[in-house]
Amino acid sequence: MNDVVVPTHAPELTLSSLYRDHRSWLESWLRRRLGNAWDAADLSQDTFLRVLASAQPIAQMQEPRAYLVTVGKRLLVNFHQRRSLEQAYLNALASLPEACVPSPEQRWLLLETLQALDELLDGLPVLVRRAFLWSQLEGLGYRDIAERLDVSERTVKRYMAQAYEHCLLVDL
């Protein structure tokens with residue numbers, strides 16, 4: 001009688017097999033949400049880079065597509081936020097007099113700085129973020145910020161401490 005040996009586990013998942021088996025599917029999924037093959041390809045690559053950099057061991061992934069979708073959704077949100085930020089910046093530039101319009105190089109640097117600032121402050125509660133931006137960008141004092149937010153100055157001080165701590169701990 002011939003005994004059939006049944007493997008006790010599936011083959012180990014590696015980054016290369018994950019990429020080979022799921023890249024095309026992920027790109028299609030992203031393309032349907034973006035309507036753009038170029039951006040979908042970029043976000044697909046970014047997704048796999050995030051997977052590579054994550055603490056989640058690839059070999060232990062039970063549902064690779066679900067994990068890729070979760071990472072891909074986060075990148076989609078970031079993508080749309082970045083586009084919204086770019087559009088707001090371009091709208092602000094359009095309202096400037098011709099003599100004040102920055103060069104293409106300056107615009108690129110400013111946009112990169114805005115995106116880095118947006119990433120840095122991502123995750124802060126809305127009121128903490130507003131207090132920090134009003135203080136740093138508009139030069140408002142704590143009393144003025146407190147009035148705008150309808151909170152006490154002591155609360156604004158806590159918000160600022162929270163924002164500074166967040167900035168120090170974020171790894172860009």
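The values are calculated or read from the model by the stated rules, or taken from the named source; none is laboratory data. What you see is a predicted model, and the numbers here were worked out from it, not measured in a lab. Please note: Cβ atoms are built from the backbone with ideal geometry, for glycine as well, and neighbour counts cover all protein chains shown. The accessibility values were calculated without ligands, DNA or RNA, using every heavy atom of the protein model including side chains. Shrake-Rupley method; radii C 1.70, N 1.55, O 1.52, S 1.80 Å.
Yes or no: residue 51 of a type in the set (Val, Ile, Thr), within 25 Å of residue 166 (Cα to Cα) and surrounded by 16 or more Cβ atoms within 10 Å (Cβ to Cβ)? Yes: the conditions hold for residue 51.
The set of residues in region 49-78 that are small (Gly, Ala, Ser) and under 16 Å from the mean Cα position of the chain (by Cα) comprises 53, 54, 72. Checked against the criteria, residue 86 does not count as closer than 22 Å to residue 166 by Cβ and either touching a Ser or Thr at 6+ places or on another chain (Cβ under 8 Å) or among the charged types (D, E, K, R) (or both). May I ask you to verify whether residue 91 is modelled with pLDDT under 85 and out of contact with any helix residue (DSSP H, G or I) (no Cβ under 7 Å at 6 or more places or on another chain)? When the stated conditions are applied, residue 91 passes them. So which residues in region 139-160 are among the aliphatic types (A, V, I, L, M) and either farther than 16 Å from residue 122 by Cα or outside the structural domain of residue 129 (by the TED database) (or both), if there are any at all? Answer for region 139-160, where residues must be among the aliphatic types (A, V, I, L, M) and either farther than 16 Å from residue 122 by Cα or outside the structural domain of residue 129 (by the TED database) (or both): 140, 145, 146, 149, 151, 156. Taken over region 127-150, the criterion of being open to solvent by 70 Å² or more (accessible area, probe 1.4 Å) and at positive phi is satisfied by 150 alone. Pairs are defined by a Cβ separation below 6 Å, a sequence spacing of at least 6 or placement on different chains, a first member in region 49-70 that is under 14 Å from residue 19 (Cα atoms), and a second member that is open to solvent by 60 Å² or more (accessible area, probe 1.4 Å) and not in a helix (DSSP H, G or I); the pairs so defined are 59/12.
The residues on offer are 155, 113, and the sole one that is more than 30 Å from residue 39 (Cβ to Cβ), of a type in the set (Ser, Thr, Tyr) and either in contact with a Pro (Cβ under 7 Å, 6 or more places away or on another chain) or assigned to a helix (DSSP H, G or I) (or both) is 155. Across region 79-121, the qualifying residues are those that are under 14 Å from the mean Cα position of the chain (by Cα) and without any contact (Cβ under 8 Å) to a residue 24 or more places away in the chain, and the one among them that is surrounded by the most Cβ atoms within 10 Å (Cβ to Cβ) is 117. Check off (1) open to solvent by less than 90 Å² (accessible area, probe 1.4 Å); (2) at negative phi; (3) not assigned by the TED database to the domain that holds residue 166 for residue 35 and give me the number that stays unchecked. (2) is the only condition that residue 35 fails.
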